[in-house]
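Below: one structure, written as structure tokens.
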Amino acid sequence: METPDQLIDDLLTLAFAEDVGDGDATTLSTIPAEARGRQQLIVKEEGILAGVNIARRVFEKFDPELHMTVMIGDGARVKPGDVAFVVEGPVRSLLQTERTMLNIMQRMSGIATTTARYQERLDGLKAKVLDTRKTTPGMRLLEKQAVKIGGGANHRIGLFDMVLIKDNHVDFAGGITPAVERAKQWCREQGKDLRIEVEVRNTPEIEEALAAGVDRIMLDNYTPQDTAEAVRLIRSRDAKVEIESSGGITIDTLRAYGEAGVDFISVGALTHSVKGLDMSFKAVHD
């Protein structure tokens, strides 16, 4: 399996291939090869900056002659007019990397900003907002990195690093108990030490999950009131098992779920329908 660094490198290779192709016709025809210059990333909207380290990788991968000077790093709160970094080098390379860098920076910053807004609704509570697998194909690692920069937490990265037994798994496996037993056996046979989470829909399934000995219980599509009752039941039986709320939770209902006592609240909207943070990459004139 490829490492995270290799996956990001693959993403950048694809991004250059689909955008630059066999050459930027406009830039190559209008800008002399020897021309050098500087551009700066200007923030145009309040939010949380994310993607600075990935932007550096964009420039270094495309042209090692591009040199980046950072003024504002990942995780900082920014406002219109802030200059995050300046990049100096061949003008052709600056122009050809502009869109790839901006696409990544704007999306990651939008996700970090949205995550921070959700997590702020949970101030004073133990609950952490979680991302999901509802990510842009190929950009999952970057989008999940942005969630962490915004103050949230990552759920599993993919299908490989955690066992999450959802309703369809339960139904096809013939119940929670056989599903969990098979998952534990498979992990032993494969030599894998994976946490096991089970999605539950009602009290009998909560009882079954507790008896099966899982690491986390996901309360799916519960109301805040039902969540509070489920948390009391789970905590009366097991003080250590983690509890997660999921399913249709919005920024307006988030606090109520946190007050119900859960440890985690998963929100697909952190990544699947976020608005990018407005910014631009403009030439610096001496």
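Here is how the numbers come out for the structure above:
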{"quantity": "Region 17-64: number of residues that are touching a residue at least 12 places away in the same chain (Cβ under 8 Å) and closer than 30 Å to residue 152 by Cα", "calculated": "21"}
{"quantity": "Qualifying residue in region 28-38 (condition: open to solvent by 40 Å² or more (accessible area, probe 1.4 Å), under 18 Å from residue 106 (Cβ atoms), part of a loop (DSSP other than H, G, I, E, B) and among the charged types (D, E, K, R))", "calculated": "no"}
{"quantity": "Verdict on residue 226 being more than 25 Å from the chain's Cα centre (by Cα), within 21 Å of residue 122 (Cα to Cα) and either open to solvent by less than 60 Å² (accessible area, probe 1.4 Å) or among the charged types (D, E, K, R) (or both)", "calculated": "yes"}
{"quantity": "Hits in region 90-123 (condition: more than 30 Å from residue 37 (Cα to Cα), open to solvent by 30 Å² or more (accessible area, probe 1.4 Å) and in contact with a helix residue (DSSP H, G or I) (Cβ under 8 Å, 6 or more places away or on another chain))", "calculated": "121"}
{"quantity": "Any strands (runs of 3 or more DSSP E) falling wholly within region 71-184 and containing at least 3 residues that are among the hydrophobic types (A, V, I, L, M, F, W, C)", "calculated": "83-90, 163-165"}
{"quantity": "Residue in region 184-208 that is farthest from residue 246 (Cα to Cα), counting only those that are aliphatic (A, V, I, L, M) and under 28 Å from the mean Cα position of the chain (by Cα)", "calculated": "194"}
{"quantity": "Tabulated pairs, region 115-139, first within 22 Å of residue 105 (Cα to Cα), second among the acidic types (Asp, Glu) and open to solvent by less than 30 Å² (accessible area, probe 1.4 Å), C-beta under 9 angstrom, 6+ apart or interchain", "calculated": "115/131; 130/244; 131/143; 135/143; 136/143"}
{"quantity": "Residue match in region 3-11 (condition: free of Cβ contacts under 8 Å to residues at least 12 places away in the same chain and assigned to a loop (DSSP other than H, G, I, E, B))", "calculated": "yes"}
{"quantity": "Residue tally, condition crowded, with 20+ Cβ neighbours inside 10 Å, farther than 14 Å from residue 50 by Cβ and either touching a Cys at 6+ places or on another chain (Cβ under 8 Å) or aliphatic (A, V, I, L, M) (or both), over region 124-142", "calculated": "3"}
{"quantity": "Checklist (1) more than 23 Å from residue 209 (Cβ to Cβ); (2) in contact with a His (Cβ under 6 Å, 6 or more places away or on another chain) applied to residue 149, failing item", "calculated": "(2)"}
{"quantity": "Residue pairs meeting the criteria (Cβ under 8 Å; at least 6 apart or on separate chains; first touching a residue at least 12 places away in the same chain (Cβ under 8 Å) and among the charged types (D, E, K, R), in region 86-114; second open to solvent by 30 Å² or more (accessible area, probe 1.4 Å) and assigned to a helix (DSSP H, G or I))", "calculated": "92/28; 99/19"}
{"quantity": "Unique match (being small (Gly, Ala, Ser) and modelled with pLDDT under 95) among 228, 239", "calculated": "239"}
{"quantity": "Count of region 47-65 residues which are open to solvent by less than 10 Å² (accessible area, probe 1.4 Å), over 14 Å from residue 99 (Cα atoms) and in a helix (DSSP H, G or I)", "calculated": "1"}
{"quantity": "Residue within region 269-282 that is touching a Lys or Arg at 6+ places or on another chain (Cβ under 8 Å) and modelled with pLDDT under 95 present", "calculated": "yes"}
{"quantity": "Criterion (surrounded by 15 or more Cβ atoms within 10 Å (Cβ to Cβ) and among the polar types (S, T, N, Q)) met by exactly one of 280, 236, 245, 273", "calculated": "245"}
{"quantity": "Verdict on residue 191 being more than 30 Å from residue 146 (Cβ to Cβ) and loosely packed, with under 14 Cβ neighbours inside 10 Å", "calculated": "yes"}
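The values are calculated or read from the model by the stated rules, or taken from the named source; none is laboratory data. Keep in mind that this is a model prediction, so the values were computed, not measured. FYI the Cβ positions are ideal-geometry reconstructions off the backbone, even for glycines, and counts take in every protein chain you see. In case anyone asks, the SASA skips ligands and DNA or RNA and just uses the protein heavy atoms, side chains included. Shrake-Rupley method; radii C 1.70, N 1.55, O 1.52, S 1.80 Å.
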